[in-house]
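See structure below.
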Amino acid sequence: MDMQEKIAPGASMPATRHEVLYDDRVVTCFLDRPLSLDAMLRAVVARKPDGIALVLGTQRVTYAELDRIAENIARNLIAAGFQKGERIAMLLGNCLEFVYLALGAGRAGLIVVPLNTRQRKPEIDYVLQQCKASALVYDADCEMNLPEPRAELRGQWVVGSGRATSFSELMNDAPAVAFPEPHQEDTAYLLYTSGTTGNPKGAMLTHVSIIHSVLNFQHGYGLRDGDVTMLAVPASHVTGLVALILATINVAGTTVILPAFKAPEFLAVAARERMTYTLMVPAMYNLCLLQPDFETHDLSAWRIAGFGGAPMPEATIKRLAKALPDLNLCNAYGSTETSSPATILPPGAPANKINTVGRPVTGAHIVVADDDGREVPTGQDGELLIAGAMVVPGYWDNPDGTRSGFVGGYWRSGDIGRIDSDGYVSVVDRKKDMINRAGFKIYCTEVENVMSHHPAIVESAVIGKPDPVLGERVHAFAYSPDGGNEADIRKYCAERLSDYKVPDTITFLKEPLPRNANGKIMKTELRKLMAG
């Protein structure tokens, strides 16, 4: 058996076959699979209508109720004149309405564009314009960050009290309509991912790419019928949307929604709801372990602790193993462009592989290549090129980005890694200039571009500053001959960037930043300066 086809020792994997996707990609696909996300939901509703699909506080929503609400949203959107393929953006946090709209708009054939509630007006405006959104659903608390309305934005609904029509009207009973026929290669969600240069790019997650991801979570992590998941990461991220919400629906499980992660609440709710599975970044596990009453919570039902976005510190692994000996720590590596997992470290993996990100998921093919695009020998480092049914076809209305980001059906990850002789993948560095702050990916160029417009700054360079809890914080070096005011710079950035992208600390220099012979800023020298 090819190492790419095997996930867990002794695991019985579903049948696969080769198929052609997106005209020119020959990939390995699961033979028995739903052909759309709506088909997946309908099958679960038929099988388990009275099962609890969603929990938020004291609210509990069955699958039958979820289906009824999704149906009404779909009917009302179609009745309002929205057609298959139009984009509907949603600026919502972790809430029931996020799930309702993600499923209801999909049933109507609309492409859903999740936005992060921490984004600011310029960021939101760019996405709405780039995807030419026809509709927007937003949380009332985000109203201050909304850009000026445009003519093509024909519908706006608000969750809560605001200027727009109440979202509750979309959930009202509506007469039957003709639903568009979905195709597995249709784009279901546009998730915008920041690049190392330029503006964010909209990764086109299709029905077929997402379906393969949720099936890989099911079989790779060993998810079971009726598993209880805790949504503690943002629903608007690929992890929250695909790895938790949709993967849990696929197994007719329950998604328990936390509006925001707070370790004390997470532990209390996890114990109360008998959580069996979640996926978080290592910093969140660290914060849980720091709670003085951690061991007083009954977490005996917790079976799968997925993590990704950063390495899990060895000390955290040991403390979790001691406190919860039956808990399986399962790493996963992926991205928005891979619709979530490209590799999974499955339950029962050898202890000496805990620092890897696991093996390629079923159907994934990973090549480690040098700068000239040549495969390197086993165990050597190179850029990870990833192909498979879960890889998106490209970026929305961005042929240049697609051309530079994909080659022959492989996504250029920009990550440096290696594959050992047992087929386990390790990610050793980032080719892209990126900071990982508690799982939030921050591209330095984006922050530097904003800082460059401040009148006190001649040039700047942003790097990651190691942090024991968050993994990394954002640190900026700014060349400011007349000196600079840190509070003023941070305020300036906060008005233009998501809060987690704002520099935590700034070092002001009276001399230009160090550069090499080619004129490139030497960030290695800046890291030495920061360490000193």
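Considering each of Ile88, Ile124 in turn, give the residue that is closer than 22 Å to Pro175 by Cα and either at pLDDT below 95 or of a type outside the set (D, E, K, R) (or both).
Ile88
Can you name the residue in the stretch 131-182 that is in contact (Cβ under 8 Å) with a residue 24 or more places away in the chain and in contact with an Asp or Glu (Cβ under 7 Å, 6 or more places away or on another chain) and is also nearest to Ala494 (Cα to Cα) among such residues?
Filtering first and then ranking leaves Pro147.
So, in the stretch 316-349, how many residues would count as being touching a residue at least 12 places away in the same chain (Cβ under 8 Å) and more than 22 Å from Ser413 (Cβ to Cβ)?
The number of residues fulfilling the criteria is 12.
For the list (1) without any contact (Cβ under 8 Å) to a residue 40 or more places away in the chain; (2) crowded, with 24+ Cβ neighbours inside 10 Å; (3) in a loop (DSSP other than H, G, I, E, B); (4) not hydroxyl-bearing (Ser, Thr, Tyr), I need the number of the one condition that Leu244 fails.
For Leu244, the exception is condition (3).
Quick one: in the stretch 295-310, which of the residues that are in a loop (DSSP other than H, G, I, E, B) and within 14 Å of Met280 (Cβ to Cβ) is modelled with the lowest pLDDT?
Ala310
Given the structure, is Tyr443 closer than 23 Å to Pro122 by Cβ, in the same structural domain as Thr338 (by TED's automatic domain parsing) and in contact with a Lys or Arg (Cβ under 8 Å, 6 or more places away or on another chain)?
Criteria not met by Tyr443.
Could you run through the stretch 93-121 and say how many residues are assigned to a strand (DSSP E or B) and within 22 Å of Ala494 (Cα to Cα)?
Selection size over the stretch 93-121: 2.
Please state which of the following conditions Ala133 fails to meet, knowing it meets all the rest: (1) in a loop (DSSP other than H, G, I, E, B); (2) surrounded by fewer than 23 Cβ atoms within 10 Å (Cβ to Cβ).
All conditions are met except number (2).
With the requirement that a residue be among the small types (Gly, Ala, Ser) and buried (at least 22 other Cβ atoms within 10 Å of the Cβ), what does the stretch 72-96 give you?
Ala74, Ala89
Hey, among Ser421, Ser404, Ser498, which residue is surrounded by fewer than 19 Cβ atoms within 10 Å (Cβ to Cβ), assigned by TED's automatic domain parsing to the domain that holds Ala364 and out of contact with any Gly (no Cβ under 8 Å at 6 or more places or on another chain)?
Ser404
Considering each of Tyr192, Tyr126, Tyr138 in turn, give the residue that is in the same structural domain as Ala235 (by TED's automatic domain parsing), of a type in the set (Phe, Trp, Tyr) and closer than 26 Å to Ala79 by Cα.
Checking each option against the conditions leaves just Tyr138.
Do we find a residue being modelled with pLDDT of 95 or more and either among the acidic types (Asp, Glu) or more than 18 Å from Leu115 (Cα to Cα) (or both) anywhere in the stretch 189-205?
No, the conditions are met nowhere in the stretch 189-205.
Only one of these conditions is not met by Cys493: (1) touching a helix residue (DSSP H, G or I) at 6+ places or on another chain (Cβ under 9 Å); (2) over 27 Å from Leu115 (Cα atoms). Which number is it?
Result: Cys493 fails condition (2) only.
Can we say Tyr333 is hydroxyl-bearing (Ser, Thr, Tyr) and farther than 27 Å from Gln130 by Cα?
Taking the combined requirement at face value, the residue satisfies it.
Could we say that Val391 is touching a Phe, Trp or Tyr at 6+ places or on another chain (Cβ under 7 Å), aliphatic (A, V, I, L, M) and at pLDDT 90 or above here?
Against the criterion (touching a Phe, Trp or Tyr at 6+ places or on another chain (Cβ under 7 Å), aliphatic (A, V, I, L, M) and at pLDDT 90 or above), Val391 qualifies.
For Ile69, only one of the following conditions fails: (1) farther than 20 Å from Phe167 by Cβ; (2) surrounded by fewer than 22 Cβ atoms within 10 Å (Cβ to Cβ). What is its number?
Going through (1) farther than 20 Å from Phe167 by Cβ; (2) surrounded by fewer than 22 Cβ atoms within 10 Å (Cβ to Cβ) one by one, Ile69 breaks only (1).
If you go through the stretch 135-159, how many residues are in contact with a strand residue (DSSP E or B) (Cβ under 6 Å, 6 or more places away or on another chain) and not hydrophobic (A, V, I, L, M, F, W, C)?
Residues flagged as in contact with a strand residue (DSSP E or B) (Cβ under 6 Å, 6 or more places away or on another chain) and not hydrophobic (A, V, I, L, M, F, W, C) within the stretch 135-159 amount to 4.
Looking at (1) part of a helix (DSSP H, G or I); (2) over 23 Å from Val208 (Cα atoms), which is the only condition Thr239 fails?
Result: Thr239 fails condition (2) only.
If a residue counts only when it is aliphatic (A, V, I, L, M) and at negative phi, which strands (runs of 3 or more DSSP E) contained entirely in the stretch 393-511 have at least 2 such residues?
Counting at least 2 such residues, we get 410-419, 425-430, 434-437, 459-467, 471-479, 505-509.
For the stretch 26-74: of the residues being in contact with a His (Cβ under 8 Å, 6 or more places away or on another chain) and of a type in the set (Ser, Thr, Tyr), which is farthest from Val228 (Cα to Cα)?
My answer is Thr28.
Given the stretch 314-388, what strands (runs of 3 or more DSSP E) lie entirely inside it while holding 3 or more residues that are touching a Ser or Thr at 6+ places or on another chain (Cβ under 7 Å), modelled with pLDDT of 90 or more and not small (Gly, Ala, Ser)?
Passing ranges, in order: 382-387.
Restricting attention to the stretch 451-471, which residues are free of Cβ contacts under 8 Å to residues at least 60 places away in the same chain, within 27 Å of Gly405 (Cβ to Cβ) and crowded, with 19+ Cβ neighbours inside 10 Å?
Of everything in the stretch 451-471, those that are free of Cβ contacts under 8 Å to residues at least 60 places away in the same chain, within 27 Å of Gly405 (Cβ to Cβ) and crowded, with 19+ Cβ neighbours inside 10 Å turn out to be Met451, Ser460, Val462, Gly464.
The values are calculated or read from the model by the stated rules, or taken from the named source; none is laboratory data. Quick caveat: nothing in here was measured; it's all calculated off a predicted structure. Neighbour counts run over all protein chains shown; Cβ positions are idealised from the backbone, glycine included.
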